[in-house]
Amino acid sequence: MTIQDIQLIYGQVIYALDKRELKTAFDSLNDLIARSQAGLFRDELNRLQETYKQLLYYYTEGSRDPMQTKIYNELTASAYELGDRIKSTLLAAESSGLYFSVQRTFVAHPESVEMTGAIISSYEVNDIKQAETLTVRLFKRIWSSPPFSEEEMESLHRFIVADDAPPSGNAKGTDGRSILNCQIVSSLILGLQEVFDKRKLLLLTVAAESGDEEVRIRAYTGILITLYLYRYRTDCYPEIKHRLDALAERPEFGKIINLIILRFILSRETEKISNKLRDEIIPEMMKLNPKFNPRTPFPENPEEEMNPEWMETLSEGKLGKQIEEFNRLQEEGADVMHSTFVHLKNFPFFNEISNWFMPFVKSQSLIAADDVIMKTLELITHMGYMCNSDLYSLYFSFKQVPEAGRKIMTGQLESQLSELKEHQMAGLQTKNHNTERIIGQYIQDLYRFYKLYPRRNEFNDIFNRRLDFHNLPVLQAYFSDRNDLLNIADHYLRKNYFEDALTVYERLPGGNDDTIYQKTGYCRQMNGDYEGAIAEYAKAELINPESKWLLRRTAQCYRAIGKPETATGYYLQYEKSDPENLSVLLSIGSCYLERKNYTEALKYYFKVDYLDAGGNKAWRPVAWCSFLTGKYDQARNYYSRILSHKPDSQDYMNAGHTEWVLQNRKGTVSFYKKSVEMLDGDYDRFRKKFDRDIPELAAAGIDPAEIPLILDQLRYSMRG
């Protein structure tokens, strides 16, 4: 069997089990065994099927077995695990991927997970390189291991729990314990994404109770990711639910989970931000400074200062507004640094998979005792603007700069960062900044790994998924706080993820809060469910009938479903309280236009034209309504204005219609030709638009027999 065949049939097994179609899953497992000649699993599959047949027999006979649910869940879990083992066995023989290559290495040269003691001992005697070498091996051992035995789980459990014990010996040993636990947690997370392991997930719940906040937050993050990836499987293991219940009793549980979810929502914006930097901001900066290099986070010649004259351009122009927006996003916690460091992950340090998750510490063996650099980078670390991975990139980049330039750069950075830190401390007194910082940094570390690791294509990128953790049934019991749910929904709404926001708003009781109904309706409207939006807006209107926003949104929805008469009523009600709102007046005119009441439409369009002194908002609708009502000279007058002010293809076509009715056929052909030219010479596109206007031309008195003549003349003129 090919690797693709193995993955395909395994996927069928998991899909069937997720739907709790055990018979289908057993059939697919049987097919996988038969086609792969993995006969050693045949007996186990037969035992599972026999047990299931007996359960079905007693069920259909009407027997009530209090153990039925427990047996069914155990059967399902066993079927999942059997599928995992078959797949892993087959891929271990066929795959050249990193995961199975590392796994084969440990099969040939077994190592115990109990090397934790040797690692801490190495830290205590200041043998940092040895400690790091062993940590890398332990990371790979945990990541690539098959499901843990009870002994392996107990060994790591004891070590993780021990981090709450009073520190003893050299302080470096205590630092080393924190680093090691961080790496253990990250390797558990990565391993769980390769294959589900109940014991690894339970170890994450143990780490989530650690006294080390860095370890604790990484564990919570891993729990969420694992529950998301195996949302249907974890129901089979009651001990997982029991551990989650125990965690939920901790006062910090809801807050940390909520903050992690919000950061994952922000991570969706990373590519948009990177694209905007690449396509808009960086080109503008390069215009100001041709020597600007977007691939480095600092100037190539640090002695060259920015020209003060640029600052006026930066602050007043479009670029200044974009930079302000990026500052706001950064304060919000968005990952605005990703594109800056995309090209700074080629250092040898990043060839090792575990280093992508390494906390940034000055005790790292590759980091020299350079107080100038480390002082600056530690300040950046505590401010939370860069993740651990980027801090290592920045350090290695700094080391490539000559010492004189390095001192200038670090001095400038330190001065700027000190001011930022003072501002930050003044504005974040009421927030648990350290918790938010760690969460943001770790999620960015994960993002860097899945997007930039050299062998990233061998991993399933979790950031390509929706990661709507709040919708997980297993977690919904812990999300009863209305404010937390509202905060999540509002974050989705602000980022225009309307479908995700809607799923949360629908879980919130509206009661007497019209804003919930408004937001629910708005999400439905933006998703194209206009009738559903109208129903929600009606609920909000009962509570807040004076809301102009509601009147306008409801009118928009009625127009969208082809009911301009009803929409007109809502717009007219709005007009009473704001009679000079140009946008609403235009909408009223458009409603009358859709109802073919051209006289009333013109009244409103003329009102807009009068109020919009010096503007041109109403020119097009006035011109078209004039044409439709037979006021051709008036239409010609307005089209003359339109064509002198950024006309489009449709404007030239409509002007051509007007000239035709006024018997100026040469002018008609000339305008039609310009209309085609504005469509890049695509006559077929022009013809489709033209054909839609034939009923209006006929109503204006154009003989249908003349249409082929004028169009043929147009085509001849185009060739000429």
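The values are calculated or read from the model by the stated rules, or taken from the named source; none is laboratory data. Values in this document were obtained by computation on a predicted structure and should not be read as measured data. Counting neighbours? That spans all protein chains shown, and the Cβs are built from the backbone with ideal geometry, glycine included. Heads up: the accessible areas ignore ligands, DNA and RNA and are worked out on the full protein's heavy atoms, side chains in. Shrake-Rupley method; radii C 1.70, N 1.55, O 1.52, S 1.80 Å.
List of remarks:
- Here the calculated FRET efficiency for PHE347 and ASP481, from their Cβ-Cβ distance with R0 = 41 Å, stands at 0.40, rounded to the nearest 0.05.
- Other residues whose C-beta falls under 15 angstrom from the C-beta of ARG47 contribute a net charge of -2, scoring Lys and Arg +1 and Asp and Glu -1.
- Which of VAL13, THR76, MET337, positive extreme of dipole for the chain (C-beta unit charges): VAL13
- When +1 charges are put on Lys and Arg Cβ atoms and -1 charges on Asp and Glu Cβ atoms, the dipole computed for the chain relative to its Cα centre reaches about 1740 debye.
- Helical runs assigned H by DSSP (4 residues or longer) give the chain a calculated mean residue ellipticity at 222 nm of -22000 deg cm²/dmol, each run adding -39500 (n - 2.57) before division by the residue total.
- Using a Förster distance of 30 Å, the FRET efficiency for ALA162-ARG456 (Cβ separation, nearest 0.05): 0.30
- Fully extended contour minus Cα-Cα distance, from SER112 to THR24, at 0.36 nm per residue: 27.8 nm
- A simple spin-label model places pseudo-atoms 7 Å from Cα toward Cβ; at LEU229 and MET67 they are separated by 3.4 nm.
- FRET efficiency estimate (nearest 0.05) - Cβ-Cβ, ALA535 to ARG104, R0 60 angstrom: 0.50
- Counted charge near VAL474, where neighbours are those whose Cβ lies closer than 12 Å (Asp, Glu -1; Lys, Arg +1): +2
- Solvent-accessible area, 1.4 Å probe, carbon plus sulfur percent, for the chain: 50 percent
- For the residue pairs LYS276/LYS689; LYS563/LYS688; LYS451/LYS519; LYS539/LYS563; LYS19/LYS519, the C-alpha atoms sit more than 30 angstrom apart in LYS276/LYS689; LYS451/LYS519; LYS19/LYS519.
- Accessible area per residue, Å², the chain with all protein chains present, probe 1.4 Å: 48 Å²
- When TYR716, TYR80, TYR478, TYR228 are compared by accessible area of protein heavy atoms, the largest-first order is TYR716, TYR478, TYR228, TYR80, using a 1.4 Å probe.
- Net length gained if the chain between SER363 and ASN496 were fully extended (0.36 nm per residue, minus Cα distance): 43.6 nm
- Packing-based order for 83-90, 450-457, using average beta carbon neighbours within 10 Å, highest first: 83-90, 450-457
- Segment 1-73-segment 509-555 distance, computed between alpha-carbon centres (Å): 48 Å
- To the nearest 10, the accessible area of LEU711 is 10 Å² with a 1.4 Å probe.
- Residues within the reach of a label modelled at ALA613 (point 7 angstrom out along Cα to beta-carbon, backbone nitrogen below 18 Å), restricted to segment 581-600, are 581-583.
- Computing semi-axes √(5λ) of the Cα gyration tensor in Å directly from the structure and comparing it against (1) 49, 31, 24; (2) 54, 27, 24; (3) 59, 37, 27 singles out (3).
- Angle of helix 482-494 to the longest C-alpha principal axis of the chain, folded into 0 to 90 degrees and rounded to 10: 50°.
- The order of LYS689, LYS255, LYS129 by accessible area, most exposed first and with a 1.4 Å probe, is LYS129, LYS255, LYS689.
- Net charge in the neighbourhood of LYS140 (other residues with Cβ under 10 Å of its Cβ; Lys, Arg +1, Asp, Glu -1) is 0.
- Crossing angle, helix 22-36 versus the chain [Cα axis fit, 0-90 degrees, rounded to tens]: 70 degrees
- Helix 42-60 axis versus longest C-alpha principal axis of the chain: approximately 70°, rounded to the nearest ten.
- Nearest-20 debye value, segment 538-639 charge dipole, Cβ charges on Lys, Arg, Asp, Glu: 260 debye
- HN-Hα J in Hz across segment 701-708 - Karplus 6.51, -1.76, 1.60, θ = phi - 60°, x for Gly and Pro: x, 6, 6, x, 5, 7, 4, x
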